[in-house]
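S.K.: Let me begin by handing over the structure; questions about it come next.
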Amino acid sequence: KNQVEQSPQSLIILEGKNCTLQCNYTVSPFSNLRWYKQDTGRGPVSLTIMTFSENTKSNGRYTATLDADTKQSSLHITASQLSDSASYICVVRSSGGYNKLIFGAGTRLAVHP
Amino acid sequence: NAGVTQTPKFQVLKTGQSMTLQCAQDMNHEYMSWYRQDPGMGLRLIHYSVGAGITDQGEVPNGYNVSRSTTEDFPLRLLSAAPSQTSVYFCASSYSKLRQGVTYEQYFGPGTRLTVT
């Protein structure tokens, strides 16, 4: 069964600290992996998209990694800011169809001053 | 360029009532979709459309209808609301995935929070 699992479910860090969020997937066939940021009361906004051949991709203080062999991805946030408080959602697209986006349940990050 | 817009932002319905959630995009995207988001779960696809006049069911289509008469609009109709349909609904759009080897970004609307009592 195609699944995307994220850990931890929630995380609290202090402003200025780094953190890493994890995503494990069992989606096959694999097309690409996306990380989204969802602020409270808003729709998800894309941070990165990685295809099979990409190991790492950065977007400012956000760096995503992908290990297609172990089917794992991580999102690293550097020098966190209060505005990083949000849910972070890992999404895997399977090949061969429009309706093949599998969403993780998300990690809720709270950055405290 | 407003992106993806949704109305209303909040709605309370009684069991058995019907309503339409509106979604519009101004990016000329072929692909549009509706998701619901429930606590502790990933977004789940309700219905999607790959172009005007073409719609198909997603993972959880029961109790919902859609139509796509124009490229811009993709309304979601609840035929007879049930408490199980209490959720946050997101509309999303992107260019078509028909183009081989190209990965298109998906843009989400701000969501509609629906409560059915």
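The values are calculated or read from the model by the stated rules, or taken from the named source; none is laboratory data. Predicted model only: the values in this text are computed from it and were never measured. Here the Cβ is made from the backbone with ideal geometry for all residues, glycine too, and neighbour counts use every protein chain on show. Keep in mind that these areas ignore ligands, DNA and RNA; they rest on the heavy atoms of the full protein, side chains included. Shrake-Rupley method; radii C 1.70, N 1.55, O 1.52, S 1.80 Å.
S.K.: Below 8 Å, C-alpha to C-alpha, sequence gap of six or more: please give me the relative contact order for the range B:30-117 in percent.
M.R.: 27 percent
S.K.: Cysteines of the protein assembly as shown lacking any other cysteine beta carbon under 4.7 Å?
M.R.: For the protein assembly as shown, the answer is A:Cys19, because their Cβ atoms have no other cysteine Cβ under 4.7 Å.
S.K.: Leaving ligands, DNA and RNA out of it, rank B:Val4, B:Val50 by accessible area with a 1.4 Å probe, largest first.
M.R.: Output order, biggest surface exposure first: B:Val50, B:Val4.
S.K.: When the dipole is taken about the Cα centre of chain A, and only Lys, Arg (+1) and Asp, Glu (-1) are charged at their Cβ, what size is it in debye, to the nearest 20?
M.R.: Roughly 240 debye, rounded to the nearest 20.
S.K.: Continuing with this model, one more query. Would you mind giving the total buried accessible surface between chains A and B, with a 1.4 Å probe and ligands, DNA and RNA left out, rounded to the nearest 100 Å²?
M.R.: Buried surface at the A/B interface: approximately 1700 Å².
S.K.: For the charge dipole of chain B, defined by +1 on Lys and Arg C-beta atoms and -1 on Asp and Glu C-beta atoms about the Cα centroid, which residue among B:Leu21, B:Tyr31, B:Ser80 has the Cα displaced farthest towards the positive pole?
M.R.: B:Ser80
S.K.: Express the carbon and sulfur contribution to the solvent-accessible surface of the protein assembly as shown as a percent, rounded to the nearest whole number, probe 1.4 angstrom.
M.R.: Using a 1.4 Å probe with all protein chains present, the protein assembly as shown comes out at 50 percent carbon and sulfur.
S.K.: While we're here: Could you state the accessible area per residue of the protein assembly as shown in Å², with a 1.4 Å probe and every protein chain left in place?
M.R.: Using a 1.4 Å probe on heavy atoms only, each residue of the protein assembly as shown averages 48 Å².
S.K.: How big is the dipole moment of chain B about its Cα centre under a simple scheme where the beta carbon of each Lys and Arg is +1, that of each Asp and Glu is -1, and everything else is neutral? Debye, nearest 20, please.
M.R.: 280 debye
S.K.: Moving on to the next point. Along the charge dipole of the protein assembly as shown, which of A:Leu101, B:Leu43, B:Ile54 sits closest to the positive end, that is, farthest toward it, with unit charges on the beta carbon of Lys, Arg, Asp and Glu (+1, +1, -1, -1)?
M.R.: My answer, from the dipole projection, is B:Leu43.
S.K.: Nearest 20 debye, what's the magnitude of the dipole of the protein assembly as shown about its Cα centre given +1 on Lys and Arg Cβ and -1 on Asp and Glu Cβ?
M.R.: My answer is approximately 280 debye.
S.K.: What is the distance in Å between the Cα centres of the range A:3-44 and the range B:43-117?
M.R.: Using only Cα atoms to place each centre, the spacing works out to 22 Å.
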